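Step one of this worksheet: look at the structure below.
The values are calculated or read from the model by the stated rules, or taken from the named source; none is laboratory data. Since we're looking at a predicted model, the values are computed, not measured. Ideal geometry is used to build each Cβ from the backbone, glycine not excepted, and the neighbour counts take in all protein chains shown. Remember, those area values only see protein heavy atoms, side chains included, never the ligands or the DNA or RNA. Shrake-Rupley method; radii C 1.70, N 1.55, O 1.52, S 1.80 Å.
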Protein chains: 2
Amino acid sequence: MSVQPTEKVYIEILKQIKAIIVEDGLQAGDKLPSERELSDRLKVGRSSVREALRSLELLGLIETRRGEGTFIREATGHRLVEVLASFILNDNKARHDLQETRHIVIKDCVELAVRRAESATISKLTNLIEQMDTNEQEQVHRACKQFEKIVIQACGNHLLYRLYVELTGYGSSLQRANSYWSRAFCEEVLTLLQSKDAVKLTSLLSKQNDALNAIE
Amino acid sequence: MSVQPTEKVYIEILKQIKAIIVEDGLQAGDKLPSERELSDRLKVGRSSVREALRSLELLGLIETRRGEGTFIREATGHRLVEVLASFILNDNKARHDLQETRHIVIKDCVELAVRRAESATISKLTNLIEQMDTNEQEQVHRACKQFEKIVIQACGNHLLYRLYVELTGYGSSLQRANSYWSRAFCEEVLTLLQSKDAVKLTSLLSKQNDALNAIE
DNA sequence: TCAATATTAGTGGTCTGACCACCTCCTAAT
DNA sequence: ATTAGGAGGTGGTCAGACCACTAATATTGA
């Protein structure tokens, strides 16, 4: 009889691990006890510990480095979208949604960035623009990507930034490559960031979106 | 030297499982091959298969029933929400980002909805408003939530909608409850949707955000 | 014949112990 | 002092063994 639902061990382990993190006051970047030690401390098999850790890893909450150990990641670094989408992303509609969502998130980030960008960020961007004064296409390309990333990060919202990263990640795994910012575009953005002209920046971005949509 | 990153086995298994789902045309509710069969078919240890399956389970993508098998679920990131939330709880920055991102996503959805909402949607919303003519608080509350959901869905972008769901999910498992739309707010939104007044709608939403931020 | 019961095969859940590959750190030889 | 090598710790993977549970099957009893 009976049938006590008996929480699965690996779920119980998740709670224990969380307790350990709290008790020991572990922060992002800190090392968790080794799998064998956890297995010992919690009186469960190592395989169960691993099932729990693998789950947390897939969620992006921890990071494991072979030969070194298991480490806590930043709290907001979840692979939510990545995994969900990879299991959902089969039809064309989903792809279109993906592109659209990516553009929207970029727009949101930039709109926040124009309000929050600090002078340090601006000078970093200025620097990047200068680096584009070269004939090497490869270097220009790299600088543009870096420029885009820094602008997005300047939104000051880590979760939103992660969304951008994830959405861009999928994109690259699809057939059509993602669009990157051109040098001219970067320069325009920098100017508008400096003048804190949110309105023009918004219209600039939506103009680019329209152009991209037209291509499809 | 070298050090080819060599994708971890359980990650590879995730892909394989996805491939099996696609090949066999499995739908939500269907049964996956057993752990032992997967282990056989993919030529990997059963424990590795389990690590992959446990991860998917934690994400809410599959459901396992002892003695029966493993089944595909409708993709509602159910458990994911709990786990993530419990790991994010003590990080104030993360919480703020979460709230902000949620507001932004809602704004994005509504802005798309105002351009895409069909008449069928509008009449559904009108209907809901009428249902609010009652003294039962519970019913009004339910109608408001439903109203919000329909508006969000009207954005026509499923990925964006899912983001909203996930973000709202986290929020509700945190201490502070999420803010819901009031009846008056719903009525305003409906009016603006009908008149397709995107500008006023945007300002209405940001006004609400500011009010909420002031409370904190 | 038919219903209740016992058996059995199949499934997930867990543990153990064994390797392997890799990293770090310490030691000993140069 | 520098460097090469080894030892020990860590995650990665596998195989095999039980257990608990479910459902389909076979057996039994009326």
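Would you confirm whether any residue within the stretch A:27-34 is touching a Gly at 6+ places or on another chain (Cβ under 8 Å), of a type outside the set (Asp, Glu) and under 23 Å from B:VAL49 (Cβ atoms)? The answer is no; no qualifying residue exists. Residue-level check: of (1) modelled with pLDDT of 85 or more; (2) assigned to a loop (DSSP other than H, G, I, E, B), A:VAL49 misses just (2).
If you filter the stretch B:32-63 down to residues that are near DNA strand C (Cβ under 8 Å from one of its atoms) and open to solvent by 30 Å² or more (accessible area, probe 1.4 Å), you find that the one that is nearest to A:ARG46 (Cα to Cα) is B:SER47. Beta carbons closer than 6 Å, at least 6 apart along the sequence or on distinct chains, pair a first residue in the stretch A:14-43 that is more than 13 Å from chain B (Cβ to nearest Cβ) with a second that is away from DNA strand D (no atom under 12 Å from the Cβ) and assigned to a helix (DSSP H, G or I) for A:LEU42/A:GLN16.
The helices (runs of 4 or more DSSP H) found wholly in the stretch B:100-196 and carrying at least 2 residues that are under 29 Å from A:CYS109 (Cα atoms), of a type in the set (A, V, I, L, M) and at pLDDT below 90 occupy B:158-173.
Scanning the stretch A:1-12 for any residue that is modelled with pLDDT of 85 or more, in a helix (DSSP H, G or I) and either among the hydroxyl-bearing types (Ser, Thr, Tyr) or within 28 Å of the chain's Cα centre (by Cα) (or both) turns up nothing. Of the residues contained in the stretch B:79-89, one or more are found to be within 10 Å of chain A (Cβ to nearest Cβ), part of a loop (DSSP other than H, G, I, E, B) and either modelled with pLDDT under 90 or open to solvent by less than 80 Å² (accessible area, probe 1.4 Å) (or both). Scanning the stretch B:43-64 for residues that are near DNA strand D (Cβ under 8 Å from one of its atoms) and farther than 15 Å from A:ILE11 by Cβ returns B:LYS43, B:VAL44, B:GLY45, B:ARG46, B:SER47, B:SER48, B:VAL49.
The set of residues in the stretch B:131-149 being open to solvent by less than 20 Å² (accessible area, probe 1.4 Å) and either closer than 16 Å to B:ALA113 by Cβ or within 14 Å of chain A (Cβ to nearest Cβ) (or both) consists of B:PHE147, B:GLU148.
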